[in-house]
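Before any comments, here is the structure.
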Amino acid sequence: MRTLLQTPLARVTGVVRRVTGAPSPLQGRTVLITGASSGIGEATAYAVAERGAHVLLVARRPEELARVAATITEAGGKVSTYPCDLTDLDAIDDLVAEVLAAHGAVDHLVNNAGRSIRRSLRLSYDRFHDFERTMAINYFGPVRLTMGLLPTMRERGFGHVVNIVTWGNQIKAPKFAAYIASKQALDTFARIAGRETYGDNVLFTNIRVSLVQTPMVAPTEAYAGRGHTPARAAETIVKALEERPITVNTLAGSAAEVLNLVAPRLSDLLFHLADRSLPDSSAAKRG
Ligand SMILES: NC(=O)c1ccc[n+]([C@@H]2O[C@H](COP(=O)([O-])OP(=O)(O)OC[C@H]3O[C@@H](n4cnc5c(N)ncnc54)[C@H](OP(=O)(O)O)[C@@H]3O)[C@@H](O)[C@H]2O)c1
């Protein structure tokens, strides 16, 4: 019953908190954010540290993690860095052991590190590695990390896993077959895992993020000047960390999902026409 009511109650207390200026429930919690060296993950690290959480930053580039950590420390926040390649499953196991030894447990895990590929199938016939590398970082990495941290969360009776997925999960946008399939796999993993961990007060949230201006989308000319800022995306993620909903959707994503349910062939036609009018980027053609 507590779990059933927790998101509506968190929404009400969130409104009260914003009106009264009371502290965030993230204060004093331990929040591990992957992909914290850039873009959405970096902005989320700042926003979460500002709420008084101890932020654990994970990504491959140690110098970039050190830069983000220095900014947090200068602002009076609490931060630790853990350089790790999340496509290396043994390295993830070592990361889990190190983090649990140092902090006992992680309250919130944000699986944000990822890689997007926008490339037509006609340019992908001899590029099976596109499908392998998106699965490696967008699915196997986060699942391995989640499985490492889950037992402690369940034993303690509190935990939260936030997956940064994409509105493409609902839209099913052409040219993104490799990327969206890997994000959809993580989305589905979380929905099922959340049903098993429900009684332990360990919840999962899938945030189906729309376009955000980060280094990831920079090679796609069609996206120039469009989308949200990383700081705006970070505020959505903080709200989800505070309220622990099942999913966070966009209106456009949900509209596309409904159209796909009620008129799937019409939906295919419209997306086919859109696909033809939006060519592959120069980067996708170069390979
Ligand atoms: N930007 C968008 O429009 C958009 C839309 C929907 C969803 N998303 C999702 O949002 C998340 C963040 O993306 P972003 O837009 O902020 O892109 P970004 O600025 O390129 O950040 C990607 C992050 O992932 C880390 N990363 C990549 N490969 C890694 C690996 N093998 N091991 C560890 N860390 C790795 C990178 O750090 P290192 O290079 O230091 O390892 C970096 O911190 C991704 O999951 C993306 O799919 C983005």
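The values are calculated or read from the model by the stated rules, or taken from the named source; none is laboratory data. The structure presented is a predicted model; accordingly, all values stated were derived computationally and were not measured. Using ideal geometry, Cβ is built from the backbone for each residue, glycine included, and neighbour counts are taken over all protein chains shown.
Structure above, values below:
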{"read-out": "Counted residues, the stretch 25-41 - those being within 16 Å of the ligand (Cβ to nearest atom) and part of a loop (DSSP other than H, G, I, E, B)", "value": "4"}
{"read-out": "The stretch 48-62: number of residues that are surrounded by fewer than 23 Cβ atoms within 10 Å (Cβ to Cβ) and either of a type in the set (A, V, I, L, M) or within 9 Å of the ligand (Cβ to nearest atom) (or both)", "value": "3"}
{"read-out": "Within the stretch 228-268, considering residues that are closer than 17 Å to ILE40 by Cα and polar (S, T, N, Q), the one surrounded by the fewest Cβ atoms within 10 Å (Cβ to Cβ)", "value": "THR229"}
{"read-out": "Evaluation of ARG156 against (1) out of contact with any helix residue (DSSP H, G or I) (no Cβ under 7 Å at 6 or more places or on another chain); (2) more than 21 Å from VAL110 (Cβ to Cβ); (3) at pLDDT 95 or above (one fails), failing number", "value": "(2)"}
{"read-out": "The stretch 151-182: number of residues that are surrounded by fewer than 20 Cβ atoms within 10 Å (Cβ to Cβ) and over 30 Å from LEU278 (Cβ atoms)", "value": "7"}
{"read-out": "Selection within the stretch 161-205 - among the basic types (Lys, Arg) and either within 9 Å of the ligand (Cβ to nearest atom) or under 18 Å from GLY35 (Cα atoms) (or both)", "value": "LYS183"}
{"read-out": "Conditions (1) assigned to a loop (DSSP other than H, G, I, E, B); (2) more than 17 Å from LEU32 (Cβ to Cβ); number of the one not met by ALA113", "value": "(2)"}
{"read-out": "Pick from the stretch 126-139, criterion farther than 18 Å from VAL58 by Cα and of a type in the set (A, V, I, L, M, F, W, C), ranking: nearest to the ligand (Cβ to nearest atom)", "value": "MET135"}
{"read-out": "Which listed residue is within 14 Å of the ligand (Cβ to nearest atom), assigned to a helix (DSSP H, G or I) and at pLDDT 95 or above, from PRO151, PRO142", "value": "PRO142"}
{"read-out": "Some residue of the stretch 77-87 being under 28 Å from SER281 (Cβ atoms), touching a Pro at 6+ places or on another chain (Cβ under 6 Å) and either basic (Lys, Arg) or within 11 Å of the ligand (Cβ to nearest atom) (or both)", "value": "no"}
{"read-out": "Residues located in the stretch 95-125, provided they are of a type in the set (A, V, I, L, M) and within 16 Å of the ligand (Cβ to nearest atom)", "value": "LEU95, VAL96, VAL99, LEU109, VAL110, ALA113, ILE117"}
{"read-out": "Leading residue by the ranking (surrounded by the fewest Cβ atoms within 10 Å (Cβ to Cβ)) among those in the stretch 116-139 that are in a helix (DSSP H, G or I) and aromatic (Phe, Trp, Tyr)", "value": "PHE128"}
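Each row is one residue, and each column tells you yes or no for (1) near the ligand (Cβ under 9 Å from one of its atoms); (2) of a type outside the set (A, V, I, L, M, F, W, C).
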residue	(1), (2)
ILE207	yes, no
SER210	yes, yes
ALA218	yes, no
GLY227	yes, yes
ARG232	no, yes
ILE237	no, no
GLU242	no, yes
ILE246	no, no
